[in-house]
Amino acid sequence: MTAYLISGATALLPEGPVETCLRVEDGRIVEIGDPPAAGALRVDGRGLWLAPALVDIHGDAFERAVMPRPGVFMPGEVAAMDVDRQLAALGIATAYHALTLSWEPGLRSVERGEAFLDALAAAGPRLGVDHRIQIRWETFALEALPVIERALAAGPTPAIAFNDHTSMTMRDRSVPVTERAFEHGPDFVEAPPGDPQVRRSIRSVAARAGLDEDGYAELLAAVWARRPQVPDAIARVAAAGRAAGAPMLSHDDSQHETRAFFRAHGARIAEFPMSEAVAREARAAGEHVVLGAPNALRGGSHIGSLSAADMIEDGVCDILASDYHYPALPAAMGRLAAERRGDRATLWACVSANPAAALGLSDRGRIAPGLRADLVLLDWPEGGVPSARLTLAAGRPAHLAGDLIRAG
């Protein structure tokens, strides 16, 4: 593999920003400070910032490459290559695609999920960055269990996120979604039959499933009848995840009881908690808390949940995810830095070192000798949005903008 000597950049090292030189060889960072230049291509980093490449713990924007218009599907391999280029251009070298496995037909069906797994594997040799899977399992989708077990056996080990949008749809609307009771506890109250608010929520998702409103409502009623079986299914998936060493996340927790339930099953990451109290409890327990980069970039949650910027500034949220918009991940860093929510090194850890640690990826997320050379050179003006000029993924250029590389 080609060796690179990156010089003149301000590197976001674990101990803080330092203008230094760095040598990359055989896909690894081999030396920082005054490394030898022999046999290496030179990378001019003057005026730029050198950071660990981003690690995206949860991104579902790939769905727009799979289905760019309602009901219009593109070949999975084409979608994977399209997303790969976008990730590399943003400085994202590790991406966990939040692949929803739902009981719905259409985009988020088990069949579509399995097809995407196959397409990603087929495209793998031609992809520039590290694509992995977060199994975003809708817990009422009992038909998904064989696919989950297949993914756990195939490798690389996926993450597992426990989602329950079925109960969220069927809940009584007298309580806000951010305060709803634990879905499998005695205090959970379902909506009365024919609740018009349930019907309104159905309208927004029926088209995605390729159904009309009545057809979706009929399917939802049949799936809701599975509710007594769901806790056992969660226990089965969690046991398989623990056996495989898969990082596990619980999604949209609103109560301490919810977080405690999934913690007991081995899910040590709170993903998009809806209650500040739940988020603070998770951090106090030494767990990671994930919120959305679009939330931080836009200045608030689009559903009125927690403010990611406030939670980062308070030290409660330690990981940002791209969620539904990949460009939000680096752009949020720009806004948070401009607002003085933290210094650049601390903020950048929310999209590199911290997600890598949460996912058990000890070989990346930081700039240190011996680690995988997942690096990004950034044009990051004071008060502005960082823009990737060069992205290295395992020491190979995945994106290059401008004349930065020259022979020694």
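The values are calculated or read from the model by the stated rules, or taken from the named source; none is laboratory data. Please read all numbers here as calculations on a predicted model, not as lab measurements. Note: ideal-geometry Cβ built from the backbone for every residue, glycine included; neighbour counts use all protein chains shown.
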Inset, instruction - Kindly establish whether residue 26 is under 17 Å from residue 396 (Cβ atoms) and acidic (Asp, Glu). - result: yes
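Yes/no matrix, rows are residues, columns are (1) assigned by TED's automatic domain parsing to the domain that holds residue 348; (2) touching a helix residue (DSSP H, G or I) at 6+ places or on another chain (Cβ under 9 Å); (3) not basic (Lys, Arg):
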position	(1), (2), (3)
239	yes, no, yes
253	yes, yes, yes
259	yes, yes, no
273	yes, yes, yes
279	yes, yes, yes
285	yes, yes, yes
322	yes, yes, yes
Legend entry - Within region 356-377, tally of residues that are within 15 Å of residue 21 (Cα to Cα) and either assigned by TED's automatic domain parsing to the domain that holds residue 267 or surrounded by 17 or more Cβ atoms within 10 Å (Cβ to Cβ) (or both): 5
Inset, instruction - Mind listing just one residue for me: the one in region 1-29 that is among the β-branched types (Val, Ile, Thr) and surrounded by fewer than 18 Cβ atoms within 10 Å (Cβ to Cβ) and, of those, farthest from residue 371 (Cα to Cα)? - result: 18
Legend entry - Unmet requirement for residue 301, which otherwise passes all of (1) farther than 22 Å from residue 136 by Cβ; (2) among the small types (Gly, Ala, Ser); (3) within 17 Å of the chain's Cα centre (by Cα); (4) assigned to a loop (DSSP other than H, G, I, E, B): (1)
Inset, instruction - Evaluate region 168-176: report whether one residue or more is in contact with a Ser or Thr (Cβ under 7 Å, 6 or more places away or on another chain) and assigned by TED's automatic domain parsing to the domain that holds residue 260. - result: yes
Legend entry - Residue satisfying condition, being exposed (fewer than 15 other Cβ atoms within 10 Å of the Cβ), within 18 Å of residue 320 (Cβ to Cβ) and either small (Gly, Ala, Ser) or more than 18 Å from the chain's Cα centre (by Cα) (or both), within set 338, 345, 401: 338
Inset, instruction - Could you give me the residue pairs with C-beta distances under 6 Å whose first residue belongs to region 219-238 and is farther than 16 Å from residue 144 by Cβ, whose second residue is aliphatic (A, V, I, L, M) wherever it lies, and which are 6+ apart or on separate chains? - result: 224/170
Inset, instruction - Examine region 149-161 for a residue that is part of a strand (DSSP E or B) and touching a Lys or Arg at 6+ places or on another chain (Cβ under 7 Å), and state whether such a residue exists. - result: yes
Inset, instruction - Restrict the check to region 101-110 and report whether at least one residue is free of Cβ contacts under 8 Å to residues at least 60 places away in the same chain, farther than 30 Å from residue 395 by Cα and assigned to a helix (DSSP H, G or I). - result: yes
Inset, instruction - Go through region 35-83 and give me each residue that's among the acidic types (Asp, Glu) and in contact (Cβ under 8 Å) with a residue 60 or more places away in the chain. - result: 44, 56, 60
Inset, instruction - Would you mind telling me which numbered condition in (1) over 24 Å from residue 3 (Cβ atoms); (2) β-branched (Val, Ile, Thr); (3) at pLDDT below 95 residue 405 fails? - result: (1)
Inset, instruction - Looking only at region 207-215, decide whether some residue is in the same structural domain as residue 252 (by TED's automatic domain parsing), within 30 Å of residue 261 (Cα to Cα), surrounded by 11 or more Cβ atoms within 10 Å (Cβ to Cβ) and not small (Gly, Ala, Ser). - result: no
Inset, instruction - Can you work out which of the residues in region 160-201 that are among the small types (Gly, Ala, Ser) and surrounded by 17 or more Cβ atoms within 10 Å (Cβ to Cβ) is modelled with the lowest pLDDT? - result: 201
Inset, instruction - State the number of residues belonging to region 114-142 that are within 23 Å of residue 203 (Cα to Cα) and either part of a helix (DSSP H, G or I) or polar (S, T, N, Q) (or both). - result: 1
Legend entry - Filter pass, residue 145 being part of a helix (DSSP H, G or I), of a type outside the set (Lys, Arg) and either on the phi > 0 side of the Ramachandran plot or within 17 Å of the chain's Cα centre (by Cα) (or both): no
